1. Quick check on the stretch 775-784. Is at least one of its residues surrounded by 15 or more Cβ atoms within 10 Å (Cβ to Cβ) and either aliphatic (A, V, I, L, M) or more than 38 Å from the chain's Cα centre (by Cα) (or both)?
2. For the stretch 372-380, indicate whether the set of residues that are touching a helix residue (DSSP H, G or I) at 6+ places or on another chain (Cβ under 7 Å), closer than 22 Å to HIS492 by Cα and open to solvent by 20 Å² or more (accessible area, probe 1.4 Å) is non-empty.
3. Open to solvent by less than 10 Å² (accessible area, probe 1.4 Å), under 30 Å from PHE506 (Cα atoms) and touching an Asp or Glu at 6+ places or on another chain (Cβ under 9 Å): does that describe GLY397?
4. Which one is most open to solvent (accessible area, probe 1.4 Å), of the residues in the stretch 119-154 that are within 23 Å of ASP50 (Cα to Cα) and acidic (Asp, Glu)?
5. Identify all residues within the stretch 580-633 that are more than 16 Å from LYS339 (Cα to Cα) and among the hydroxyl-bearing types (Ser, Thr, Tyr); write none if there are none.
6. Quick one: which residue in ALA116, ALA72, ALA95 is touching a strand residue (DSSP E or B) at 6+ places or on another chain (Cβ under 9 Å) and surrounded by 17 or more Cβ atoms within 10 Å (Cβ to Cβ)?
7. Quick check on my filter: what residues within the stretch 272-325 are of a type in the set (Lys, Arg) and within 25 Å of ASN401 (Cα to Cα)?
8. Quick one: is ILE536 buried (at least 18 other Cβ atoms within 10 Å of the Cβ), among the β-branched types (Val, Ile, Thr) and in a loop (DSSP other than H, G, I, E, B)?
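The values are calculated or read from the model by the stated rules, or taken from the named source; none is laboratory data. As the structure is a computational prediction, the values presented were derived from the model and not from experiment. Using ideal geometry, Cβ is built from the backbone for each residue, glycine included, and neighbour counts are taken over all protein chains shown. Heads up: the accessible areas ignore ligands, DNA and RNA and are worked out on the full protein's heavy atoms, side chains in. Shrake-Rupley method; radii C 1.70, N 1.55, O 1.52, S 1.80 Å.
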Amino acid sequence: MKRHTAFHTVAAAVIFSSLCAPCNSAHATDPAPASSASIKLEKNQIKGPDLTDGGTIPKEATHFWVLGATGARGWTYTEKLSTSFSRQIGVTDVAKGSPADGVLQKGDVILGVSGAQFSGDARVEFGKALTAAEAADGRLRLIRWRDGAVEQVTIPLPVLGTYSATAPFDCLKSKTILERTADALASRMNEPGYEKQNAISRSLNALGLLATGDPKYRPLLEREAAWASNFSEQGFAAWWYGYVTTFLAEYVLATGDESVLPGLRRIALEACKGQSAVGSWGHRFAGPDGRLFGYGMMNSPGEVMTIGLVLAQKAGVEDPEVATAIDRSIKLLRFYVGKGSIPYGDHAPYMVGHEDNGKCGMAAVLFDLLGDEEGTRFFTAMSIAAHGNERDQGHTGNFFNMAWAMPGVSRGGPEATGAWMHEFGTWYCDLARTWRWEFPFPGQPKDKIIAHNGWDMTGAFLIAYALPRKAIFLTGKKPSCIPALDARAAWHFTHDGRGYESATPFNAYDDLTPEQLLDQLASWSPIVRDRTATAIARKKNLTPEQIMVLLDAPTAEARLGACQALTRLGSRAAPAVPKLIEALDADELWLRVQAAEALSAIGQPAMAAAPKLLKMVAKGATKDDPRAMEQRYVSQILFNGRNGMLRNSLEGVDREMLLEAVRAGLANQDGRTRGAFASVYTNLSLEELRPILPEIHRAILEKSPSGIMFDGQIQNAGLDLYSRHHIREGIEMIANYTRLQKPHGSDSNLPRLLKMLNRYGAHAKQAIPSLEKTIEFLEDPNRKDFPHKLGLQMAEVVRQSIHEIEQLEDTPELIDLNLGTTNP
């Protein structure tokens, strides 16, 4: 299929100049400053507070952008994690002795650059003006508003020249930034108090110096390696250990200094021991039972941990536990190849953007280290396509999105890094770099930084600028397992990332013609296909019959795109039901899942697919699907309490086939998947459920090893089933379960459990001793896993319940299952 340049045209050529001579460092204004009368301000552009007409920066604002090498900081209007509607920059600080000192002051408002008022995103236009000034004469020309007066002023900047077409490769500007930033960082690392730096920034800073390959930093790196080899953490250990392990392993590999190898081995083995039973990591290491705490699986620390273990193995840590941990982790992560961005945890692929806070960049590096061509190729492409507003945001901030950008992009070679830099990185990097050659964490577009505020990103940016030196594995010491892209291919990947803006996410795709939309549905990018499918559903300019043609296309991507579009059409896609049912027999797992998603979205007209879907659930894990991911998705499609096809009624569904599917699904690793079967419990009688009561009982007693946030859903459903039918074993099980509540949600779930006990009438009195133990648990001031104030509140709820139980007199007939009442 022919690809269309849907959103932008390509310039015929780009001419790059050589480095310019240094400019005069004195402060300056333009020879003929313009008066306020000579600059016509377009007030109708302003969205948000007009800082020149009584508007003020929000009091809660704590996010003030670094304004590059000027030495100033400023605030811009943000909306939906975007500065695209900003047309002013309010100056919030000017460093003494910096280039902006004497030209700008707190309270000034920057209205434009290079003689023109901002016509688009003020932050982006300011960043591009910085890059242009550093490439030319070093004179950054601004339109400044101060106390009602408007004039043009100039800030002198160092002349660094242009970025090359393959920056940072063959790029004198990148080389200059690398050298000056490395020296500045080394100086700061020798200052008192540096050791207070958090372990992630400290490890990245050390990696940045190591990536320069300059031997003059060796004494400083030896000191950092000694710190890393003795590192230990009991809190959010997985986050810190991944970066510390990565630095320490890279240090051993780069220097040959094996004196820290015992420390590296200790840390690596502690990390392996902290891996969950399914191969993941979370905030903290897993408990003795192999399950994670809190939110459960988190891919961001897990991927870096795996990278660190792979490098540790290369550095000489050859313990079998390391190989096992790597293998388990890769089984989790490889599932996402070709499907979307690697998500937050054990979830569906992330489809909002080509990146999800750096995890695709991490995956590109990881799969490249392992020589996995398919994984490396896909996640490198995703990294290149992630720029602009996609890269500019992330969960709790975009620290990791930026830290892993260039390591991921660079797997595609110099043309890829150059294309990405000129699409987004040049102005962004120049805006983020201070006049003191530091890179503090920029933060995402938002008035308030909620995480990573004050973190140092200098090392992360150094790693990017040090790519040409190939001194460490993160920067290409080992040649990539995939061939370097040519310029045209690199451009295509950056092009595929265009058109998304969180403030106006559909505008660009809404402008495509029907022919272009069909073309885009065959894209390599699952994100492009998804955005295109959304545009089709919004515009309603393509029929299901036109889209169905792609179900017979020769490429899997086109067939997947058709499923994505039909899903968005919902009930309008009913004519596609027969073809989608055929697709349930496809060889590709993800095509089968996407076809099932489309059938679910169509609704009632697709009910004929239910028998095939039930067989897919009953199939469970296979050699090609070791974690039963197909079962996971189809279980949700059929039984999810919100929109499952069979959630409300099982009328006409073959009972034997249904029970076989439920029996298999209740053994899935994922807590949310198990929870989907709660709807079956309410739609079948106890007699109909009797053949699978052992599995229902086991699902109450044995928590899922993954999907920790949702593991209580099926347990609650099972206990509710027991209490509704007065099953004797439920009394003790419910009472014991009241002590296993997580703080989050306990204020609603604990009363729900206590009401289940009330259904047993006077029989519930036997649970009172266990409930009194729950009160002791909740009131224990020494517990670390339950807030004391909340515990006291919940203890009173339990006391009230005991009082109510003591008043109960009815004695409903109890049913004995004789399946045991071990603690859930």
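1. Yes; the residues of the stretch 775-784 include at least one that is surrounded by 15 or more Cβ atoms within 10 Å (Cβ to Cβ) and either aliphatic (A, V, I, L, M) or more than 38 Å from the chain's Cα centre (by Cα) (or both).
2. The answer is no; no qualifying residue exists.
3. Taking the combined requirement at face value, the residue does not satisfy it.
4. Step by step, filter the stretch 119-154, then rank; the result is ASP147.
5. Passing the criteria: SER600, THR622.
6. Result of the check over ALA116, ALA72, ALA95: ALA72.
7. Across the stretch 272-325, the qualifying residue is only ARG284.
8. no
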